[in-house]
Structure formats: structure tokens, C-alpha cells
1. Quick test of the membrane-span-like rule: which DSSP H helices of the chain reach at least 27 Å along their long axis (C-alpha atoms) with mean Kyte hydropathy at least -0.5?
2. Which value in deg cm²/dmol, rounded to the nearest 500, describes the helix-derived mean residue ellipticity at 222 nm for the chain, given -39,500 (n - 2.57) per DSSP H run of n ≥ 4 and division by the residue count?
3. Let me make sure I get this right: for the stretch 264-338, a, b and c are the square roots of the gyration tensor eigenvalues over alpha carbons, sorted descending. Under 1.5 in a/c it's rounded, otherwise prolate if a/b > b/c, else oblate. Which is it?
4. Quick check: the distance between the Cα centres of the stretch 61-94 and the stretch 252-315, to the nearest angstrom?
5. How high is the FRET efficiency from Y272 to R190, r the C-beta distance, R0 30 Å, rounded to 0.05?
Amino acid sequence: MRAESPLYYNDRHDFYALTRYDDIDRALLDWQTFSSARGPILEIIKSGVEIPPGTLLMEDPPAHDIHRALLARVFTPRRVLALEPQIRALCTRALDRLTGAHEFDLMTAFANEVPMRVIGMLLGIPEADQQAVRDRADANLRTEPGQQMQISDRAIPNAGFFAEYIDWRAEHPSDDLMTELMRAEFVDTRGVTRTLTREEILTYVSVVAGAGNETTARLIGWLGWLLARNPGQRAELADDPRLIPNAIEETLRYEPTGHALARYVTTDIELYGHTVPAGSAMMLLVASANRDENRWADPDRFDIHRRMSNLRTFGFGTHFCLGAALARLEARVALEEFLLRFPSWQIDPDAPELSSTSTMRGWETLPLTVG
């Protein structure tokens with residue numbers, strides 16, 4: 001497609017797609033033409049579903065910038081880095097349960113566990129309820145194999161699930177994201193200084209819980225898969241953990257958890273001699289950009305020593321992922337701790353199963369044999 005159809009049109013599902021790195025870069029920056037206001041998922045754009053205010057992934061400036069600034073207070077580099085001891089403790093606890101094991105499923109035993117606990121800690125969700133939060137977020141993404149995502153009458157269908165926690169936290173403030181959002185004052189799009197409404201807080205918390213759980217779990221899964229297929233590079237990481245951050249960047253490039261983003265085209269635009277009409281849905285194939293021969297040398301080779309720059313897996317411009325630093329930190333600490341206990345492992349290539357979702361790509365099950 002990059003070579004022969006850089007602007008692709010799918011007549012069955014009525015959407016366009018861009019496949020080249022430079023084109024996707026321009027589209028990510030041009031939010032006026034390629035709008036997020038109707039959602040970043042093809043099915044949501046097509047559904048015309050109601051978008052609640054405060055849904056960062058589904059807003060354009062100026063509302064997006066106002067709402068993003070509230071969350072940015074929580075995800076500053078300094079505050080994220082301060083979480084490292086707690087994240088390491090969560091990784092250690094999960095891995096201690098695997099002591100003496102020779103076979104286990106990386107996803108259920110470790111990859112799903114760590115992000116769930118981290119997000120639960122950030123949101124102030126009681127530990128006993130964190131699994132239920134993750135299960136609901138996961139269920140929202142599920143599709144029947146070969147079928148589209150089913151969209152309810154709201155883009156954030158399970159926001160109400162967090163209502164009891166928010167009501168309780170209002171009476172019992174703490175050092176967590178919920179409390180921070182309740183107290184935060186801002187100037188809204190009408191110029192009014194106020195705090196967030198209860199409904200807006202519900203939306204924020206639901207979005208953070210879903211995004212933070214799924215993407216990082218799948219990143220850890222891809223690390224497990226790719227390092228099993230590249231044992232020499234895995235041995236290098238075990239011998240020299242300083243190489244781990246770059247290995248994570250290469251994994252994000254080679255197997256991005258979010259492989260595509262959708263945008264709503266607000267005005268007619270000329271691309272490759274064709275007019276893409278206003279009102280169209282446009283898919284930006286990030287995974288294709290990550291393998292673009294004009295951007296990356298030997299792009300289909302996994303190389304932990306690759307010189308990395310301008311990675312687009314976390315987006316670009318207005319909608320660059322606020323949780324990118326947290327995801328990188330979780331993945332680094334998880335891999336450091338995992339390699340200390342299990343410096344080698346094997347995977348039966350016929351055993352793993354990919355998750356069936358419309359929006360993310362990763363493993364449902366990834367059975368390992370260690371040692």
C-alpha cells in the first residue's frame with residue numbers, strides 16, 4: 001500500500017487510509033482538517049455517538065487543550081519518575097508468585113497485572129476492585145473475530161462504574177488522580193473559572209483506566225514475544241540492562257500496540273490526485289509509518305540497537321499520549337525485573353492467541369516455558 005496506494009479507499013466500510021510516514025505526520029499535526037472531535041476509532045466516527053466533554057481522545061482545541069492541561073499536572077516527568085519504587089514493588093510482588101514455575105502465561109501472570117495495579121494506585125481504586133476495573137475496560141474493546149466494535153449510545157459506556165469511588169473519595173481525599181481532579185480549578189471554554197463536574201470526572205477516570213491498562217499490558221506482551229524470537233538480543237539485555245530503554249523504543253516501533261488512529265475529515269482535501277470529501281473517515285496507519293522504508297533502514301528487522309528518533313506510536317502534536325512516560329517506565333521496570341528472574345524463555349509459536357479488538361493489537365495469551 002505504501003508503494004502502490006499511499007491513499008487507500010475501502011469501499012466496503014467507506015473509509016480512507018494513509019500509509020506513509022510523512023503523510024501520517026502531516027495529518028497528526030493538522031487537527032483542523034483531520035479532527036478528533038468525533039473520536040479516534042472508525043466505528044465511533046461512523047456511529048455519530050455522543051462524545052462526553054473531557055474525553056481528551058475525542059476533542060480538538062481549545063476544549064482539548066483545557067482538559068489536557070488538567071491531566072498533565074498528574075503526568076509530569078517528575079511525578080511519573082517518582083512512581084518507580086512503587087512500580088518496582090508491584091513487579092516484584094507479581095514475579096515472586098512465579099518462583100519455581102517453569103511454565104506460565106505471561107499475559108495473565110504478569111503483563112496484565114502490573115499496569116492494572118499501577119493505574120489502580122494512581123486512581124485510588126481499592127486493590128480488591130482493580131481486576132473488575134480492568135475487566136470492564138477490556139470488555140469495552142472486545143470484538144467478535146472479523147466483526148466491528150459494537151458502539152453503545154455513548155462513547156464512554158462504563159463511566160458510571162466509577163461513580164461510587166468518586167463519591168467516596170469526595171469524602172475521603174487522598175494523594176491520587178481522583179482527588180486531584182476534584183480539586184483542580186480551570187477556566188473553561190466560556191471563560192468561567194470552575195472545577196470539573198461529577199460527570200466530567202467520571203469521563204476522565206474512565207478514559208485513564210482504559211488507556212492505561214490495555215496499552216502497557218500489550219507492550220509488555222510484545223517484549224516477551226519479540227525477545228523470545230531474538231534470543232541473542234535478549235541475552236544482551238540480560239547482561240546490560242542499560243540497553244532496555246532503547247529495546248522498548250524498538251518494540252514500540254516494530255509492534256505498536258495502537259496500530260491505527262482514525263480521524264474525521266472536516267473539509268475537502270486533495271491527496272495523490274484524489275479529492276477526499278469532507279465528512280470522510282480517515283485511518284492513519286501508524287504501524288505502516290513505523291515500517292516505512294523511507295524513514296527506517298531495514299524496517300522489518302527487529303534491532304534493539306537501532307537509532308531511534310521521532311517515534312509515532314504515541315502519536316504526535318496535539319494528541320501526543322500523556323501517558324507515554326508512564327508506559328515507558330512501567331515497561332522498563334517490568335523487563336528489568338523479569339530478566340533478573342527469567343533470563344531466557346521459549347514460546348511455542350502455535351500456542352499464543354492474539355486479542356480480538358478493533359483498536360489495539362496484542363496477545364490474549366502468551367504461554368512461556370522458562371529456563
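Each reported figure results from applying straightforward, stated rules to the coordinates on display, with no laboratory input. What you see is a predicted model; the values in this text were computed from it and never measured. Virtual Cβ from ideal backbone geometry, glycine too; neighbours counted across all protein chains shown.
1. 198-229
2. -13000 deg cm²/dmol
3. Oblate shape, in that a/c is at least 1.5 and b/c is the bigger or equal ratio.
4. 26
5. Result of the calculation: an efficiency of 0.15.
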